[in-house]
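Read-outs: derived from the displayed coordinates by stated rules, not from any lab. Since the model is a prediction, treat every value here as computed from it, not as a measurement. When we count neighbours, we look across all protein chains shown, and the Cβ atoms used for this are built from the backbone with ideal geometry, even at glycine.
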Amino acid sequence: MEKSYLNMDLLRFTTAGSVDDGKSTLIGRLLYDSKSIFEDQMEAIQQVSDRKGEEHVNLALLTDGLRDEREQGITIDVAYRYFATPQRKFIIADTPGHIQYTRNMVTGASTANLAIILIDARHGIVEQTKRHSFIASLLGIPHIVYCINKMDLVDYSQEVYNTLVDDLEDFSAKLETKDVRFIPISALKGDNVVHRSEKMGWFEGATLMHTLETVHIASDHNHIDCRFPIQNVIRPQTTEHHDYRGYAGRIAGGVFKKGDAVMVLPSGFTSKIKSIDTFDGEIDEAFAPMSVTMTLEDDIDISRGDMIVRENNKPEVSQDIEAMICWMGDSPLKEKGKYALKHTSKDARCMVKEIKYKVDINTLHRNEADKVISSNDVARVTLRTTSPLFIDQYGRNRNTGSLILIDEATNNTVGAGMII
Amino acid sequence: MGSYNLTHLKELESEAIFVIREVVAQFENPVLLFSGGKDSIVCYHLARKAFYPAKVPFPLMHVDTGHNFPETIQFRDKLIEETGARLIVGSVQQSIDEGKSTEEKGVNASRNKLQTVTLLDAIEANKFDCAMGGARRDEEKARAKERFFSHRDDFGQWDPKNQRPELWNTFNGKKNMGEHFRVFPISNWTEMDIWQYILAEKIDIPSIYFSHTRDCFVRDGVIMGKTDFVETKDTEEVQPMVVRFRTIGDATCTGAVASTAATLEEIIEEVASTRVTERGGRSDDKRSEAAMEDRKKEGYF
Ligand SMILES: Nc1nc2c(ncn2[C@@H]2O[C@H](COP(=O)(O)OP(=O)(O)O)[C@@H](O)[C@H]2O)c(=O)[nH]1
């Protein structure tokens, strides 16, 4: 085997669709056709299918994790699946589609490069299609692929497909997402999933697998605004590295080079990058999402939660945060309520100064009268933090533009915030 | 590939290092569970990278069933000595001697399940507030929904229906007194990623991962190494076979595979064409379809 794996990269995607649109079948198909299903897994689901008296091996069973869910026959949490082709490794965040699982979809979407949204060719755009699209857009997923599924049930009709694409184009023009694609498929029969469909010669685009393998993801990270949130301070305190003081973290944006003039927030002290160190030796430059350790020319007091940036390109330093919040707590978001907050490597507390409006995530309609924000709701809020955060707009940087809220009584993560 | 794009191995490495550093920042007394198997060896390698040039700022802990292949223990001790790590051994034998666990009986007796008691005891005795482990989500269905940061109540139990949402790379390690966390830095790696990484990084692993000749017998279709810890039935014929191990666990329930793969390249080629998951060789998971889930709820790794 040639060492193609040394050139593979990594694509994370989510799958969403209404119940019965064929999501599980599609994932099963991707895993099966890319030979990522093992015999013992196949055997196990065969046994279950036999026991339940099902006629075909139910590929959907492959993607059902926990027992309660298996028994109820639905997916309720986010489950992660893996497969690889010689071009890429893929991580699927498989999430349920019901409105009461919006928080799970948001979780799955938070790290995704791409969203697959399934549509039943017979039903067209439904409420869920809009909701899933909105979540993908809200969470800043750079690429959306609409898969028009069950084409076999509409005689592989080009007309049905074209009408649907027209509708989807109208609708998706309202989204933030710029890269939107459409593929007619049959997850059950395999058309245009991994193999090109013979029945749909009229379709000139790429198959789903080819799209997943080739979509350009290098620019999904921000390589412009330099942001390095400090996780830990490395002090070996050995004779060999007596005065070594390194700042460990994962680059959240931009490209840092040895010798660059930098500024440390919140102190505002400036210095130069003396070295960018890794276990494998010094490197000349580092970019998102690399984990490195930096040393600076000057001895400055820096600790976890601080951020190294460029003086001429700073994030906003602010205690007043405007954000869209997806609420995940069991009890509603409280106006004037206090929560713990995490933003990059920084811990703070905040007060919810104002709930501005709730978003109807099926229609994108803003409701300024309804301020009861329960689990799975999305709302626009203003937060006041106890100490300044170093923020960017979420649309510009998903690392420095995101935050989570934590209930101080239960320690549960109760909110996901996208900074505006 | 563009110059500002990482390979999948580099991205997985960076993610794992980030997670390990978060553990050190968010917990007071973490520990890395170290079985001597390839996944925990990779975790330890990543930990060394995360804090270089400083030493790894937490100890390793081996929950030792006492039923080991000797090669594993030799390897473990050599690695510890060469890298200057601190090793804590939690002994299942001792838990049995102290009456905290009861040995299973019969030919299929295994100490795998007993590890849970010893592990939870050792966590309590050492006041660890976070135990990192090398579990991967691709290993088994119940693991597919596991978080990077997995919260455990004060009995060490996992509640799969009440997991904290985990968004972006912002990990919430907040907890009450007496609770602890399990953290899995290589959650997103597959068996293939592990092998490719071991090759790319030239990481040393125990010899039993490579093809060798060993006295074996076959039970329920699984090749088992003959050791002093397993009783063989009369019908089970012990004979030398050319095998290697895909995982290293308790010698009583870890199956080998017939294989001539003697180098990492050959192993990678074999893994690429294999049609059975690595846990397929572990009789502990076969007991019931939801076996892993049950053990995890009780506090298994
Ligand atoms: N005819 C046809 N049926 C499909 C297709 N994809 C899925 N199905 C069927 O639709 C039903 C629901 O599929 P499933 O994958 O369980 O949907 P999920 O609820 O979205 O995961 C099952 O009976 C599938 O066999 C398709 O492309 N064509």
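Considering only alpha-carbon pairs that sit under 8 angstrom and 6 or more positions apart, the relative contact order computed for chain A is 12 percent.
Fully extending the segment from A:THR239 to A:GLN47 would add 62.9 nm, taking 0.36 nm per residue of separation and subtracting the current Cα-Cα distance.
The trypsin sites (Lys or Arg not before Pro) of region B:133-205 that DSSP puts in a loop, and whose beta carbon has at most 14 other beta carbons within 10 Å, are B:LYS202. Considering only trypsin sites (Lys or Arg not before Pro) in DSSP loops that have at most 10 other Cβ atoms within 10 Å, the longest stretch of chain A without any of them is A:179-335.
What does the charge add up to near A:ASP225, with Lys and Arg as +1, Asp and Glu as -1, over the other residues with Cβ less than 13 Å from its Cβ? Within the 13 Å Cβ shell, the charges total +2. Ordered from longest to shortest, the equivalent ellipsoid semi-axes for chain A are 41, 27, 21 Å, each the square root of 5 times a Cα gyration tensor eigenvalue.
The fewest-to-most ranking of B:ILE17, A:ILE355 by surrounding Cβ atoms within 10 Å reads A:ILE355, B:ILE17. Ignoring everything except DSSP H segments at least 4 long, calculate the 222 nm mean residue ellipticity for chain A; use -39,500 (n - 2.57) per segment, divide by total residues, nearest 500. Helix contribution divided over all residues of chain A: -5000 deg cm²/dmol.
The order of B:CYS130, A:CYS326, going from fewest to most other C-beta atoms within 10 Å of their C-beta, is B:CYS130, A:CYS326.
Remark: mean inter-chain Cβ contacts per residue of B:174-181 equal 2, using a 10 Å Cβ-Cβ cutoff to other protein chain atoms. Beyond a 30 Å Cα-Cα separation, which of these cross-linked pairs lie in this structure: A:LYS35/B:LYS49; A:LYS52/A:LYS150; B:LYS113/B:LYS233; A:LYS174/A:LYS371? Pairs exceeding 30 Å: A:LYS35/B:LYS49. Only helical runs count toward this figure. For chain B, summing -39,500 (n - 2.57) over DSSP H runs of n ≥ 4 and dividing by all residues gives -9500 deg cm²/dmol at 222 nm. A Gaussian network model of chain A, with springs between Cα atoms under 10 Å, assigns the largest mean-square fluctuation among A:ILE308, A:ILE273, A:ILE183 to A:ILE273. Helices assigned as whole DSSP H runs in chain B whose Cα atoms extend at least 30 Å along their own long axis and whose mean Kyte-Doolittle hydropathy is 0.5 or higher are not found. Between A:SER303 and A:LYS336, the FRET efficiency estimated from the beta carbon spacing at R0 = 35 angstrom works out to 0.70. Exposure proxy ranking for A:SER303, B:SER259, based on other Cβ atoms within 10 angstrom of each Cβ and starting from the fewest, stands as A:SER303, B:SER259. Which of the GluC sites (Glu not before Pro) across region A:110-208 are loop residues per DSSP, with 10 or fewer other Cβ within 10 Å? In loop regions of region A:110-208 (DSSP not H, G, I, E or B), the sparsely surrounded GluC sites (Glu not before Pro) are A:GLU198, A:GLU204. For the pair A:LYS272 and B:ALA125, a Förster radius of 45 Å applied to the C-beta separation gives a FRET efficiency near 0.40, rounded to the nearest 0.05. Where in region A:240-261 does the label zone of A:GLU176 land, with the point 7 angstrom along Cα→C-beta and an amide N cut-off under 20 Å? Under 20 Å, as judged by backbone N against the label point of A:GLU176, lie A:252-254 of region A:240-261. Between region A:303-373 and region B:39-118, how far is it from one alpha carbon centroid to the other, in angstrom? That distance is 43 Å.
Among the GluC sites (Glu not before Pro) in region A:297-333, those located in a DSSP loop and surrounded by at most 15 other Cβ atoms within 10 Å of their own Cβ are A:GLU297, A:GLU311. Computed from label points 7 Å out along Cα-Cβ, the spacing between A:LEU6 and A:VAL19 is 5.0 nm.
Counting Cβ atoms of other protein chains within 10 Å of each Cβ in A:7-14 and taking the mean gives 4. Give the cross-link partners of A:LYS258 among the aspartates and glutamates, using a straight C-alpha distance below 12 Å as the criterion and excluding same-chain residues fewer than 8 apart. Those aspartates and glutamates meeting the cut-off are A:ASP277, A:GLU282, A:ASP284, A:GLU285, A:GLU297.
P(r) tail, the protein assembly as shown: Cα-Cα pairs separated by more than 53 Å, 9% of all pairs.
In summary, the aspartates and glutamates within cross-link reach of B:LYS127, defined as a Cα separation below 14 angstrom excluding same-chain residues under 8 places away, comprise B:GLU28, B:ASP154, B:GLU179.
Taking region B:143-204, how many lysine pairs are there with alpha carbons less than 24 Å apart, if each pair must be eight or more places apart or span two chains? Close lysine pairs under the 24 Å cut-off: 5.
Stretching the chain fully between A:ALA369 and A:ASP166 yields a gain of 69.7 nm (0.36 nm per residue, less the alpha carbon separation).
The residues neighbouring A:GLY17, those whose beta-carbon lies less than 10 Å from its own, together hold a net charge of -2 under the Lys/Arg +1, Asp/Glu -1 convention.
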